[in-house]
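FYI, it's all coordinate maths here, none of it is from the lab. Note that the coordinates shown come from a computational prediction; the quantities given were computed from them, not determined experimentally. Note that we place each Cβ from the backbone using ideal geometry, even for glycine, and neighbour counts take in every protein chain shown.
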């Protein structure tokens with residue numbers, strides 16, 4: 001109780017009172033809930049959503065074609081299937 005009342009030293013007393021009232025009416029009057037309600041009251045409102053300019057509207061949706069990136073990978077890289085085989089000298093004995 002004292003910790004909740006001590007919030008007045010750091011925050012506006014009207015907002016603390018409103019947070020306490022909100023926590024009491026919700027049915028769970030705990031210190032953590034009062035602090036949560038107070039933080040919600042102190043948060044700045046979100047800015048309005050921006051409306052994109054008409055010329056930025058997507059006209060043609062791109063294809064999900066990952067094969068177009070295959071030319072960027074060298075033919076014998078660590079990702080190539082031919083390089084995935086383990087040399088006989090490193091393979092475990094049978």
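Please go through the range 1-24 and pick out each residue that is surrounded by fewer than 10 Cβ atoms within 10 Å (Cβ to Cβ), part of a helix (DSSP H, G or I) and free of Cβ contacts under 8 Å to residues at least 12 places away in the same chain.
Of all residues in the range 1-24, those surrounded by fewer than 10 Cβ atoms within 10 Å (Cβ to Cβ) come to 1-3, 9-10.
Still in the list and also part of a helix (DSSP H, G or I): 2-3, 9.
Scanning the range 1-24 gives 2, 9.
What is the residue count in the range 25-49 for residues that are exposed (fewer than 13 other Cβ atoms within 10 Å of the Cβ), touching a residue at least 24 places away in the same chain (Cβ under 8 Å) and within 13 Å of residue 1 (Cβ to Cβ)?
Step one: list which residues in the range 25-49 are exposed (fewer than 13 other Cβ atoms within 10 Å of the Cβ), which gives 25-28, 30, 32, 39-40, 42-49.
Keeping just the survivors that are touching a residue at least 24 places away in the same chain (Cβ under 8 Å) gives 42.
From the residues that got through so far, the ones that are within 13 Å of residue 1 (Cβ to Cβ) too are none.
Residues in the range 25-49 being exposed (fewer than 13 other Cβ atoms within 10 Å of the Cβ), touching a residue at least 24 places away in the same chain (Cβ under 8 Å) and within 13 Å of residue 1 (Cβ to Cβ): 0 in total.
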